[in-house]
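K.L.:
Here it is, the structure in full.
The values are calculated or read from the model by the stated rules, or taken from the named source; none is laboratory data. Keep in mind it's a predicted model, so treat the numbers as computed, not measured. Quick reminder, even Gly has a Cβ in these numbers, built from the backbone with ideal geometry, and neighbours come from all protein chains shown. For accessibility, only protein heavy atoms count, side chains too; no ligands or nucleic acids. Shrake-Rupley method; radii C 1.70, N 1.55, O 1.52, S 1.80 Å.
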Amino acid sequence: MSDLNKLTITQALSGLKNKEFTSEELTRACLDVIEDKDLTIKAFITVLHDSALEQAKQADKLISSREVEVFNDKPLLGIPYAAKDNFCTKGIETTAGSQVLKDFVPPYESTVTQRLKDAGAVLLGKTNMDAFAHGSSTEESDFFTTKNPWDYARVPGGSSGGSAAAVIADMCIFAIGSETGGSIRGPASWCGTTGLKPTYGRVSRYGVIAMASSTDSPGPLTKTATDAAHVLKVLAGKDPLDATTSPVNGENYPENLINVSLKGLKVGKPRSYFEIDLQEGVAEKVNGFLKFLENEGAEIINVDLLDPKYSIAVYTLLQRSEVSSNLARFDGIRYGNDRDSFGFEARKRMMLGAYALSAGYYDEYYAKAQKVRTLLVEDFDRVFNRVDILVGPTMPCVAMRMGESAENPMFGEMMDKLTEPSTIAGLTGVTVPVGFAEDLPVGAQIMGNRFRESLVLGIANAYQKATNFHERRPE
Ligand code: GLN
């Protein structure tokens with residue numbers, strides 16, 4: 001079988017179970033594409049060629065020595081994936097895209113990568129990102145910028161840009177990213193993959209280099225919504241090492257996705273998300289997605305949500321404040337390089353955060369931002385009394401050209417203004433490709449209330465069954 005690297009998780013699992021190919025063959029197929037394409041695309045900071053093959057061989061041994069039931073214990077057995085480089089991996093360099101952590105080899109494993117390891121997944125390597133996840137293009141990576149596989153002159157989005165590029169270039173079967181204010185959905189939208197931002201607290205943050213701890217949410221970037229459910233099933237749940245993880249559980253992914261019915265579904269269309277400056281073609285594609293839902297029996301209801309511009313101010317203040325305290329631990333003494341290694345963006349954010357938190361300014365900035373955050377949360381709660389989900393564009397435009405962000409110091413926030421409100425409120429959301437503008441992918445996001453992952457993924461799955469935008473690949 002050729003092109004094994006192009007398979008989805010669902011297809012790869014079926015092939016492995018039926019012994020049509022081995023995990024070693026599957027892993028080699030991914031490594032070959034990485035070798036072939038990544039010199040140009042630069043999605044990976046670290047490629048784990050030998051250890052990936054070793055893990056794949058172990059998986060093959062398990063598969064051949066035990067019955068197919070082994071997949072019940074290890075639901076991702078033999079599936080090769082890529083992890084964003086802010087997930088601590090024991091014995092494997094973890095840089096968070098920064099010079100500060102260049103050469104840092106963590107002595108412990110993040111819960112996310114541990115769970116994937118326990119589930120039998122094969123780690124191919126660590127992907128590029130904006131340093132400490134500050135940014136929306138990977139141009140803030142201290143090492144290099146990743147290219148968008150659709151057009152090498154454009155950025156893949158960020159901060160999980162390496163993960164998104166790796167998925168759409170079929171260098172892996174799936175990837176892991178993290179979102180604080182758009183960093184999964186944004187790059188997924190610009191690269192044309194599916195990207196799930198889970199509810200805050202659904203997936204453990206333990207061992208993820210912290211950005212803003214009150215919104216950080218790890219999640220999958222995949223080729224389909226069903227695949228996202230496969231990964232979520234492994235990642236979700238209470239973790240004693242992260243006190244903010246929720247015990248809410250009992251979801252039977254991905255099987256429960258098929259039970260989601262679009263008939264009678266109440267779909268909120270937030271006016272303010274369509275009234276901002278959207279690039280030509282974006283609203284049209286997202287409206288096409290809404291039309292699909294309507295044709296399937298859903299009811300589209302116009303709703304008013306607070307203008308997303310308020311969330312930019314709230315996000316900027318809270319995120320900077322949390323950054324200034326989270327990045328204080330990198331003192332250059334216990335581990336990592338010294339503080340002179342911080343890049344310009346991280347310095348700017350720490351300074352602003354320290355200012356917002358300092359005596360005399362705290363009430364005016366940080367405390368006020370927290371109050372408006374509550375208003376944003378209540379705004380969503382109010383709307384979710386009337387509708388089941390909300391649908392809007394994920395990004396205001398298609399992937400931007402490299403260098404274009406340089407003129408705008410608030411580029412990240414402006415690009416992520418449609419995803420920041422829901423991350424601030426801790427909601428879940430998935431982005432799916434819904435068409436193309438200027439030959440580049442356009443994403444629509446389905447936002448759901450807390451713990452409604454099955455619903456948003458089920459809707460995405462229904463759409464992907466009827467369309468093939470998610471199957472398109474760059475030449
Ligand atoms: N663009 C936002 C920022 O720069 C989002 C980053 C993120 O979600 N990690 O802060």
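K.L.:
Looking at the structure I just gave you, is E345 free of Cβ contacts under 8 Å to residues at least 40 places away in the same chain, among the charged types (D, E, K, R) and either open to solvent by less than 100 Å² (accessible area, probe 1.4 Å) or under 17 Å from I312 (Cα atoms) (or both)?
P.N.:
Criteria not met by E345.
K.L.:
Within the stretch 158-192, take every residue that is more than 12 Å from the ligand (Cβ to nearest atom) and touching an Asp or Glu at 6+ places or on another chain (Cβ under 7 Å) and give me the one that is farthest from A212 (Cα to Cα).
P.N.:
In this case the residue turns out to be M171.
K.L.:
If you go through the stretch 329-336 one residue at a time, do you hit one that is part of a helix (DSSP H, G or I) and surrounded by 14 or more Cβ atoms within 10 Å (Cβ to Cβ)?
P.N.:
no
K.L.:
Taking the stretch 193-217 on its own, how many of its residues are open to solvent by 20 Å² or more (accessible area, probe 1.4 Å) and either over 17 Å from E322 (Cα atoms) or not in a loop (DSSP other than H, G, I, E, B) (or both)?
P.N.:
The qualifying residues number 1.
K.L.:
Right, next: Against the conditions (1) in contact with a strand residue (DSSP E or B) (Cβ under 8 Å, 6 or more places away or on another chain); (2) more than 16 Å from the ligand (Cβ to nearest atom), where does D73 fall short? Just the number, please.
P.N.:
Only one criterion in (1) in contact with a strand residue (DSSP E or B) (Cβ under 8 Å, 6 or more places away or on another chain); (2) more than 16 Å from the ligand (Cβ to nearest atom) is unmet by D73, namely (1).
K.L.:
Of the residues in the stretch 129-157, how many are near the ligand (Cβ under 8 Å from one of its atoms) and on the phi > 0 side of the Ramachandran plot?
P.N.:
2
K.L.:
Here is a further query. Against the definition (of a type in the set (V, I, T), surrounded by fewer than 21 Cβ atoms within 10 Å (Cβ to Cβ) and in contact (Cβ under 8 Å) with a residue 40 or more places away in the chain), how does I92 come out, yes or no?
P.N.:
yes
K.L.:
Hey, another quick one. How many residues are within 12 Å of the ligand (Cβ to nearest atom) and within 20 Å of L116 (Cα to Cα) when one looks only at the stretch 211-228?
P.N.:
Residues that pass the stated criteria total 4.
K.L.:
Among (1) open to solvent by 40 Å² or more (accessible area, probe 1.4 Å); (2) assigned to a helix (DSSP H, G or I); (3) without any contact (Cβ under 8 Å) to a residue 60 or more places away in the chain; (4) not polar (S, T, N, Q), which single condition is K309 missing?
P.N.:
(3)
K.L.:
Output the residue which, of all residues in the stretch 368-422 that are among the small types (G, A, S) and more than 22 Å from K348 (Cβ to Cβ), is farthest from the ligand (Cβ to nearest atom).
P.N.:
Checked the stretch 368-422; the qualifying residue farthest from the ligand (Cβ to nearest atom) is G392.
K.L.:
Now for a separate question. Given the conditions (1) open to solvent by less than 10 Å² (accessible area, probe 1.4 Å); (2) touching a Leu at 6+ places or on another chain (Cβ under 6 Å), which single one is not true for N461?
P.N.:
(1)
K.L.:
Could you say which residue among A283, A354, A359 is in a loop (DSSP other than H, G, I, E, B), out of contact with any Cys (no Cβ under 6 Å at 6 or more places or on another chain) and surrounded by fewer than 21 Cβ atoms within 10 Å (Cβ to Cβ)?
P.N.:
When all the criteria are applied, what remains is A359.
Listed here are the residues, each with its yes/no results for (1) free of Cβ contacts under 8 Å to residues at least 60 places away in the same chain; (2) open to solvent by less than 10 Å² (accessible area, probe 1.4 Å); (3) more than 28 Å from F143 (Cβ to Cβ).
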position	(1), (2), (3)
V33	no, no, no
K37	no, no, no
I41	no, yes, no
A59	no, yes, yes
N72	yes, no, yes
P107	yes, no, no
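K.L.:
Run down T467, T419 and say which single residue is more than 16 Å from the chain's Cα centre (by Cα), of a type in the set (V, I, T) and within 19 Å of C191 (Cα to Cα).
P.N.:
When all the criteria are applied, what remains is T467.
K.L.:
Cβ-Cβ below 6 Å, separation at least six or inter-chain, first residue in the stretch 313-325 and in contact (Cβ under 8 Å) with a residue 24 or more places away in the chain, second within 13 Å of the ligand (Cβ to nearest atom) and among the basic types (K, R): which pairs?
P.N.:
The qualifying pairs are R320/R349; V323/R349.
K.L.:
Restricting attention to the stretch 226-255, which residues are open to solvent by 30 Å² or more (accessible area, probe 1.4 Å) and polar (S, T, N, Q)?
P.N.:
T226, T244, N249, N252
K.L.:
Within the stretch 386-404, is even one residue at pLDDT 95 or above, among the hydrophobic types (A, V, I, L, M, F, W, C), exposed (fewer than 15 other Cβ atoms within 10 Å of the Cβ) and over 24 Å from the mean Cα position of the chain (by Cα)?
P.N.:
No, the stretch 386-404 contains no residue that is at pLDDT 95 or above, among the hydrophobic types (A, V, I, L, M, F, W, C), exposed (fewer than 15 other Cβ atoms within 10 Å of the Cβ) and over 24 Å from the mean Cα position of the chain (by Cα).
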